[in-house]
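The values are calculated or read from the model by the stated rules, or taken from the named source; none is laboratory data. Please read these numbers as outputs of a predicted model, since none were measured by experiment. Backbone-built Cβ (ideal geometry, glycine too); neighbour counts: all protein chains shown.
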Amino acid sequence: MTADHSRAPVLEALEEYHRRGRLGFTPPGHKQARGADPAAREVLGDAVYLGDVLASGGLDDRLTRGRVLQQAQELMADAVHAEHTFFSTCGSSLSVKAAMLSVAGPHEKLLIGRDAHKSVVAGLILSGIEPVWVEPRWDAERHIAHPPSAAEFEQAFDAHPDARGALVTSPTPYGACADLRSVAEVCHRRSRPLIVDEAWGAHLPFHPDLPSWAMDAGADICVTSIHKMGSGLEQGSVFHLRGDLVPPALLGMRADLLGTTSPSVLIFAGLDAWRRQMALHGKELLGSTLELAAEVRAAIEEIDGMHVHDRGDFCGPSLADDFDPLPGIIDVSGLGITGYQAADWLREQRAIDAHLVDHRRIGAQITHGDDRETTGELLSALRDLRRAARDLPAAPRVEVPPPDELRMEQALLPRDAFFGPAEDVPVGEAAGRVAAEMITPYPPGIPAVLPGERLTEPVLRYLRTGMDAGMHLPDPTDPELNTVRVVVPE
């Protein structure tokens, strides 16, 4: 039976809820905006509250006999060639944990690219899974990590044949993509599942000129953030399943262990509507987006001191296998400033928010929500930044270690280090000690230090000089990083 992608079951049920004038003596307590704070109603608008209804016993009946959510998930699965789809209102940070827990358990091994997001490390801490780190492909010239190759996963499986599966991040927040089909083949020759953290790839299934996505490449589980490159609401995430290596009931049970019992219908509606929008109009919308992005990239390239990373920068031997142009990664080091300075100036002087920010780059992502008016504002601001850069203070130097000094020994399991006896020591005395916390430059949120890693001077120097230059570290116990939380020696 052909799926009817003109349907949007959650939106339709919400419309019916209002048409019937249902009166709920249930949560949420604002009772369709009537009890909400007047100032909040003024700022948010009543539409937010009107869409905020109880999922079970409101949008659907108490036994969910209308199958509203199930129908929406089935349509989403069909749209991306998955066999099963699960909605999450807790972001891909939850979805990826559910995926990990469905593949490995406490003290079992999981191969993981070391460029994983901090949510993956949080999953290791909560689960007690033993990570086998697979090294990214490091571009020492541009100081950027790309997804590990299939050959690196092959070597890791040979060294750890008891590993329960593998997890790879693709695309990265920078738009670099792995050869997912080859990585999946490496896993499947051993009857092991592949999890793909595809948080940045919600748009990939809907235009042929974009890189391949996980379900079409043979992955078993794929985690996707609809709010990043799609048009869902913040926290809207889905995880997809195909094949028989992970039972759908098991994945659902693991997700239920972590998920909220009070899911947001607003977020469900955003997921449902985005799927319909893409299934019906995605190719047209994304085609226009790719054309617009190409124009913007060419215009930025003409600004002295700026360079937009392209396929030639990211793809090649020992680098990434494919490239998504829409994240719009701009190297501003030619202006003599850092990405931190560029992002701060754009926000303060031109009300432009960049997303990804590092010591030499900013990210200006283009989606189907942009047009020539929004990108014209961006280009105007970037040209002004070029003129203003000469008057900005000298850029503090961030001491990025070479690849051979960037990786540290995993001396303890992340869970054991995180929950074990710990103490705070001055950062100058932390080298050689085992970290008991995560330290993560954010965004993009890839930890530089994991619990259980033995700290080294080059990595600590990188973080300290990064902080002095404007790096944001949201997770260490000491936000100024004057001290580091480390494991108390036995």
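Say we look at segment 284-329 and pick out the residues that are under 25 Å from His227 (Cα atoms) and touching a helix residue (DSSP H, G or I) at 6+ places or on another chain (Cβ under 6 Å); which of these is surrounded by the most Cβ atoms within 10 Å (Cβ to Cβ)? Here the residue is Ala320.
So that you can scan it fast, the table gives a plain yes or no per residue for (1) of a type in the set (S, T, N, Q); (2) touching a residue at least 60 places away in the same chain (Cβ under 8 Å); (3) within 26 Å of His355 (Cβ to Cβ); (4) not assigned by TED's automatic domain parsing to the domain that holds Gly316:
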residue: Val121; (1), (2), (3), (4): no, yes, yes, yes
residue: Gly128; (1), (2), (3), (4): no, yes, no, yes
residue: Pro136; (1), (2), (3), (4): no, no, yes, yes
residue: Arg142; (1), (2), (3), (4): no, yes, yes, yes
residue: Ser149; (1), (2), (3), (4): yes, yes, no, yes
residue: Asp158; (1), (2), (3), (4): no, no, no, yes
residue: Asp162; (1), (2), (3), (4): no, no, no, yes
residue: Thr169; (1), (2), (3), (4): yes, no, yes, yes
residue: Val183; (1), (2), (3), (4): no, no, no, yes
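A count restricted to segment 24-74 and to residues that are assigned to a helix (DSSP H, G or I) and either free of Cβ contacts under 8 Å to residues at least 12 places away in the same chain or exposed (fewer than 13 other Cβ atoms within 10 Å of the Cβ) (or both) stands at 9. Among the residues of segment 75-100, those identified as surrounded by fewer than 21 Cβ atoms within 10 Å (Cβ to Cβ) and over 22 Å from Ala217 (Cα atoms) are Cys90, Gly91.
Selection of helices (runs of 4 or more DSSP H) fully inside segment 335-428 by the criterion of at least 2 residues being at pLDDT 95 or above returns 339-350, 372-389, 414-419.
Looking only at segment 446-466, how many residues end up being surrounded by 19 or more Cβ atoms within 10 Å (Cβ to Cβ) and either in a helix (DSSP H, G or I) or among the acidic types (Asp, Glu) (or both)? Of the residues in that region, 6 qualify. Just one residue in the set Thr375, Thr465 is β-branched (Val, Ile, Thr), on the phi < 0 side of the Ramachandran plot, touching a residue at least 60 places away in the same chain (Cβ under 8 Å) and assigned by TED's automatic domain parsing to the domain that holds Arg297; that residue is Thr375.
No other residue among Phe268, Phe323 is of a type in the set (Phe, Trp, Tyr), touching a residue at least 40 places away in the same chain (Cβ under 8 Å) and assigned by TED's automatic domain parsing to the domain that holds Pro173 apart from Phe268.
Taking Ala3 as the residue in question, decide whether it is under 30 Å from Asp216 (Cβ atoms), assigned to a loop (DSSP other than H, G, I, E, B) and not assigned by TED's automatic domain parsing to the domain that holds Ile267. Yes. Within the option set Leu406, Leu378, being farther than 23 Å from Ala145 by Cβ, buried (at least 19 other Cβ atoms within 10 Å of the Cβ) and under 28 Å from the mean Cα position of the chain (by Cα) holds for one residue only, Leu378. Out of the residues in segment 149-179 that are touching a Cys at 6+ places or on another chain (Cβ under 7 Å) and among the small types (Gly, Ala, Ser), which is farthest from Asp310 (Cα to Cα)? The extreme case among them is Gly165. Examine segment 470-480 for a residue that is outside the structural domain of Ile129 (by TED's automatic domain parsing), under 16 Å from Asp115 (Cα atoms) and part of a loop (DSSP other than H, G, I, E, B), and state whether such a residue exists. No, segment 470-480 contains no residue that is outside the structural domain of Ile129 (by TED's automatic domain parsing), under 16 Å from Asp115 (Cα atoms) and part of a loop (DSSP other than H, G, I, E, B).
Restrict the check to segment 336-350 and report whether at least one residue is on the phi > 0 side of the Ramachandran plot, hydrophobic (A, V, I, L, M, F, W, C) and touching a helix residue (DSSP H, G or I) at 6+ places or on another chain (Cβ under 9 Å). Checking segment 336-350: not a single residue is on the phi > 0 side of the Ramachandran plot, hydrophobic (A, V, I, L, M, F, W, C) and touching a helix residue (DSSP H, G or I) at 6+ places or on another chain (Cβ under 9 Å). Residues in segment 411-456 that are more than 22 Å from Thr169 (Cα to Cα) and among the aromatic types (Phe, Trp, Tyr): Phe418, Phe419. Residues considered: Arg242, Arg189. Of these, the only one that is assigned by TED's automatic domain parsing to the domain that holds Phe86 and free of Cβ contacts under 8 Å to residues at least 40 places away in the same chain is Arg189.
Filtering segment 317-334 to residues that are under 16 Å from Asp115 (Cβ atoms) and part of a loop (DSSP other than H, G, I, E, B) leaves Ser318, Leu319, Asp321, Asp324, Pro327.
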